[in-house]
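Everything below concerns the one structure shown next.
The values are calculated or read from the model by the stated rules, or taken from the named source; none is laboratory data. The model shown is predicted, which means the values in this text are computed figures rather than measured ones. All Cβ positions, glycine included, derive from the backbone under ideal geometry; neighbour counts span all protein chains shown. Each accessible area value is taken on the protein alone, full model and side chains, heavy atoms only, with ligands, DNA and RNA left out. Shrake-Rupley method; radii C 1.70, N 1.55, O 1.52, S 1.80 Å.
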There are 2 protein chains.
Amino acid sequence: MSHEPKPLPPGATIGILGGGQLGRMLALAAARLGLKCHIYSDVADAPAFDCAAARTVAPYTDAAAIVRFAASVGAVTYEFENVPVAAADAAAPHAPVYPPREALARTQDRVIEKQLVAGLGLPVAPFEAIDGVAGLRDALKKVGPRPFLKTRRFGYDGKGQVVIEEGSDPAVALAALGGVPAILEGRVAFAREVSVIGVRGRDGEVRHYDTPHNTHEDGILRRSVIPSGLPERHQQRAREMATEIMVALGYVGVIGVEMFWLGEDASEPLVINEIAPRVHNSGHWTIDACGVSQFENHIRAVAGWPLGSTVRHSDCEMENLLGEETHGWASLAAERGTCIHLYGKSDARPGRKMGHVTRLRP
Amino acid sequence: MSHEPKPLPPGATIGILGGGQLGRMLALAAARLGLKCHIYSDVADAPAFDCAAARTVAPYTDAAAIVRFAASVGAVTYEFENVPVAAADAAAPHAPVYPPREALARTQDRVIEKQLVAGLGLPVAPFEAIDGVAGLRDALKKVGPRPFLKTRRFGYDGKGQVVIEEGSDPAVALAALGGVPAILEGRVAFAREVSVIGVRGRDGEVRHYDTPHNTHEDGILRRSVIPSGLPERHQQRAREMATEIMVALGYVGVIGVEMFWLGEDASEPLVINEIAPRVHNSGHWTIDACGVSQFENHIRAVAGWPLGSTVRHSDCEMENLLGEETHGWASLAAERGTCIHLYGKSDARPGRKMGHVTRLRP
């Protein structure tokens, strides 16, 4: 079956692998455009089900279910980067998959992701692939003090990583990760974390949103502030780097590229930290502060539509609501100038992303 | 069964009678707040079904279906003013209904609606209830030249009305409406049509959006422009009048009050034309130009939440996409600064509201 990259007309259905809050906000954006969504999730109470036209509950490893799903939609996308590549491959004969499987495959493994970035000549922290304790001991001599040991795969929100402190036993750190293939990453002394939310259309057009300044706590994004204070030259460079990555991957859709700014001075460089081949938490503010959000632009790209404006009409700050913070919804809803977004999750486990607020600054 | 007016918590379900574009945009707004929607429609392909957690297809006259629907939700609202009052009454023992049944009952009949407004001492065009040709002939002597003869009930978008031209036979006009109970309305020579989009919470708090300037073609709203050019004193008066109506009705939710500004001069008064007990087409721009849209504020009011900010961050113009105009979606989507909204309707009949665009002016 061939897949002409024809735009999906209003009324067509987009299939989304994953039913979390990102899938939910993608479904809401698709609905604005008159497009339907079919959500595929491995849990029965996926937040995105509440606002989707069609639902599949099945494991991501169920190839037959993936085939039925893909055959029912005009294009397939995904909302988390740990979708098995085999699922994308099972879908591909039945509907085009965006972002392309290479983006998924290469960002699922931290070593391969960093090799991609370094191979483009873009700055990354020093890193070494780790297959065992002996290799880890060697690598520790190369990457500088107090580095991060992370699983190569399936890490998110600070999970699957430990810091190797001076004088500690590396074998203990490796064991703490369960002995899986790992990556040792040098610690980058940075002044600010920023990110580029970029989007590339099927036709290769690229746009970016203004770069937010991100603050993490316990490995989880706490807030994004826009504008970031990053000098214009750095913003420009950050966008160029994100574009180079998108072009290298033949990318279609929204990408999140996290970067470190090493010092709050125009002479200090940016270093690329991580790539997310999907809509990104640090882009949630675009719903409230831009005419066309990252979610709508992802849907537009996947559907083969023209990209929408990424222009920002308001300064703002986005703050995540984690765990029981969501119980403050009534007072947050009463704040003037605050847009509240709740994800329909019932279990407010500690650290779980339950919603976010965007505070517009007039 | 008693109904304490407790706020609906995130995760609760709001029932919406009606599944058109207004129900669809209400469902999208509810999803932002972590609230589910159950849509009740008498057609199987209602646009709002595509983004709702639960669906009922049944006639509005099916009391048993209404009862099951109401029993499954935490509050009931409606998205069109011709929902039978009997449906609201069937729902009421099982869930609170907002806006209140009186708002529905009194705005379904143009005579009763105008009596309400006139009874508050607010300006309306001269009107006479018409029960037959003899009465019509008498009434024609009172209301001025070229008046409108309209059905008392079930009119919308210019349907169910005729102009009685000088020298024409009134009996023909009455027959053209099918001989149903009618109202004769004096023609108001106005300079501009404006509207107030107001919202009243369960606690009686009232807010308003900026007043749009509306242009109609063939009885259908063509565009709304904000700001309207209405002097501040008039805007203030328009808001006061809408508030008086809401208070008189014990209103909860968003209301649309259409008004005529008789001349483009600060000395010219406003005259109330029509009340819509629901979210209103002339408020669609609030999705893109305000932090909290009319749809979200309606949901907040119905759910007993604090009202959200009605502050506008951008000047803008909203234009409806009628019938085949929707086929221009690709070029509209490519316009810079344009937010496109399509309603998921497949049949682009002439004059049918298929979507709208909001053009933000930075």
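For residue A:245, state whether it is part of a strand (DSSP E or B), open to solvent by less than 40 Å² (accessible area, probe 1.4 Å) and more than 30 Å from residue B:31 (Cα to Cα). No: the conditions fail for residue A:245.
Residues in region B:222-253 that are in contact (Cβ under 8 Å) with a residue 60 or more places away in the chain and closer than 21 Å to residue B:114 by Cα: B:241, B:244, B:245, B:248, B:249, B:250, B:251, B:252, B:253. Of note, residue A:174 satisfies the criterion of being in a helix (DSSP H, G or I), at pLDDT below 95 and not small (Gly, Ala, Ser). Meeting the requirement of 2 or more residues that are open to solvent by 60 Å² or more (accessible area, probe 1.4 Å) and farther than 24 Å from residue A:332 by Cβ, the strands (runs of 3 or more DSSP E) wholly within region B:1-91 are B:54-57.
Before we move on, is residue A:29 within 14 Å of chain B (Cβ to nearest Cβ) and of a type in the set (Gly, Ala, Ser)? Considered against the rule, which asks whether it is within 14 Å of chain B (Cβ to nearest Cβ) and of a type in the set (Gly, Ala, Ser), residue A:29 comes out as yes. Being within 30 Å of residue B:354 (Cβ to Cβ), hydroxyl-bearing (Ser, Thr, Tyr) and out of contact with any Gly (no Cβ under 7 Å at 6 or more places or on another chain): is that true of residue B:195 here? Spelling it out, it is not the case that residue B:195 is within 30 Å of residue B:354 (Cβ to Cβ), hydroxyl-bearing (Ser, Thr, Tyr) and out of contact with any Gly (no Cβ under 7 Å at 6 or more places or on another chain). Regarding residue A:95, is this residue assigned to a loop (DSSP other than H, G, I, E, B) and either within 14 Å of chain B (Cβ to nearest Cβ) or in contact (Cβ under 8 Å) with a residue 60 or more places away in the chain (or both)? Here the answer is yes, as residue A:95 does meet what is asked.
Region B:277-362 holds strands (runs of 3 or more DSSP E) entirely within its bounds, and those carrying 1 or more residues that are within 7 Å of chain A (Cβ to nearest Cβ) map to B:338-342, B:353-361. I'm trying to understand the selection: among the residues of region B:105-125, which are in a helix (DSSP H, G or I) and out of contact with any Pro (no Cβ under 6 Å at 6 or more places or on another chain)? Once the filter is applied, which keeps residues that are in a helix (DSSP H, G or I) and out of contact with any Pro (no Cβ under 6 Å at 6 or more places or on another chain), region B:105-125 yields B:105, B:106, B:110, B:111, B:112, B:113, B:114, B:115, B:116, B:117, B:118, B:119. Of all residues in region B:168-196, exactly one satisfies the criterion of being open to solvent by 40 Å² or more (accessible area, probe 1.4 Å) and touching a Pro at 6+ places or on another chain (Cβ under 7 Å), namely B:187. The single condition among (1) of a type in the set (Asp, Glu); (2) surrounded by fewer than 24 Cβ atoms within 10 Å (Cβ to Cβ); (3) at pLDDT 95 or above that residue B:296 does not satisfy is (2). If the condition is being surrounded by 21 or more Cβ atoms within 10 Å (Cβ to Cβ) and without any contact (Cβ under 8 Å) to a residue 40 or more places away in the chain, then region B:322-331 contributes B:326, B:329.
Beta carbons closer than 8 Å, at least 6 apart along the sequence or on distinct chains, pair a first residue in region B:264-280 that is open to solvent by less than 20 Å² (accessible area, probe 1.4 Å) with a second that is basic (Lys, Arg) for B:270/B:237. For region B:130-157, filtered to residues that are open to solvent by less than 30 Å² (accessible area, probe 1.4 Å) and among the small types (Gly, Ala, Ser), the residue that is farthest from residue B:217 (Cα to Cα) is B:132.
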